[in-house]
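FYI, it's all coordinate maths here, none of it is from the lab. As the structure is a computational prediction, the values presented were derived from the model and not from experiment. Cβ sites come from the backbone with ideal geometry, for glycine too, and all protein chains shown count toward neighbours.
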Amino acid sequence: MAIRDVTALMNSYRECSRHLWNVYFSTQTNIGAALDAFGQIRDLLFESLVVNELPYEGDADEKDIPPPVLRVVPGARSLILVKRPSDDGNAYWDQERDLVVGPDDIELEFLDYFDFFRIPTMDFHFFRCRILQFPSRPEYKGREALIEAVDGRVLHDE
């Protein structure tokens, strides 16, 4: 199985999404409706700009093709924020302070881009990921984590 670096595809999707929100949606008076519509548009953009550019070899019908598994690979020394468990429904990204990982320390699956604040502008500053493997901290497996988008690459197993 070949591994393809799709960081350029992801950067195109990121930039397109940012531009649409920051120029056209962020100033709408009904911000809730704008966020809902924007979420639907982002799904279509991801499908068009990323998924449609990735090969799929399988027996599924076009409508049943599973979403691609995209791996986020941190840079040599990337700060990572791990989501800690919470019973109050809020997300807290402070499981550990100053936790730094490298490309061989952790396996991450791309979930989405993330910003702490979406209004008025979005930058999609972070990759929001799921921790698949973290040998030095196995208790974090399955948790969500953030790394800065500029600190990582995105790979696809073709």
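Computed from the coordinates I sent, P(r) over Cα pairs in 5 Å bins from 0, in percent equals one of [x] 2, 8, 13, 13, 12, 11, 13, 12, 10, 5, 2, 1, 0; [y] 2, 9, 18, 21, 19, 14, 9, 6, 3, 1, 0; [z] 1, 8, 16, 19, 18, 16, 13, 6, 2, 0. Tell me the label.
[z]
State the answer as a single residue: which of 154, 27, 54 lies farthest towards the positive end of the charge dipole of the chain, with beta carbon charges of +1 for Lys and Arg and -1 for Asp and Glu, about the Cα centre.
Farthest towards the positive end: 27.
As a check on your grasp of the helix formula, calculate [θ] at 222 nm for the chain: sum -39500 (n - 2.57) over DSSP H runs of n ≥ 4, divide by the residue count, round to the nearest 500.
Details: 2 runs with 32 residues, N = 158.
The helix-only estimate for the chain comes to -6500 deg cm²/dmol at 222 nm.
So how do 156, 125, 19 line up by other beta-carbon neighbours within 10 Å, fewest first? Please report the intermediate quantities before stating the final value.
On the way: 156 21, 125 15, 19 11.
With the fewest neighbours first, 156, 125, 19 line up as 19, 125, 156.
For region 75-115, state the average projected area of the convex hull of the C-alpha atoms over all orientations, rounded to one decimal in nm². Mind dumping the intermediate values first?
Values: hull surface 14.6 nm².
Over all viewing directions, region 75-115 projects a mean Cα-hull area of 3.6 nm².
Relative to the Cα centre, what is the charge dipole magnitude of region 3-157, using +1 at the beta carbon of each Lys and Arg, -1 at the beta carbon of each Asp and Glu, and rounding to the nearest 20 debye?
Numbers: 17 positive and 28 negative charges, 96 e Å.
The dipole of region 3-157 has a size of about 460 debye.
Run the numbers on region 70-154 and let me know its relative contact order in percent, using alpha-carbon pairs under 8 Å that are six or more apart. Let's see the in-between values first.
Values: 183 pairs, mean separation 30.7, N = 85.
Over region 70-154, the number comes to 36 percent.
Extension gain residue 87-residue 30, at 0.36 nm per residue separation less the Cα-Cα distance, in nm?
Numbers: separation 57, 0.36 × 57 = 20.52 nm, distance 3.01 nm.
Fully extending the segment from residue 87 to residue 30 adds 17.5 nm.
Taking 0.36 nm per intervening residue step and subtracting the Cα-Cα distance, what contour gain separates residue 104 from residue 11 on full extension? Intermediate results must be reported in sequence, preceding the final value.
Values: separation 93, 0.36 × 93 = 33.48 nm, distance 2.28 nm.
Result for the pair: 31.2 nm of gain on full extension.
If you rank 86, 48, 12, 78 by fewest surrounding Cβ atoms within 10 Å, what's the result? Walk me through the numbers on the way to the answer.
Working: 86 9, 48 12, 12 15, 78 22.
If I rank by nearby Cβ atoms, fewest first, I get 86, 48, 12, 78.
Hey, what did the chain get for relative contact order, percent, Cα under 8 Å, at least 6 apart? It would help to have the intermediate numbers written out before the result.
Values: 256 pairs, mean separation 48.3, N = 158.
Normalised by residue count, the contact order of the chain is 31 percent.
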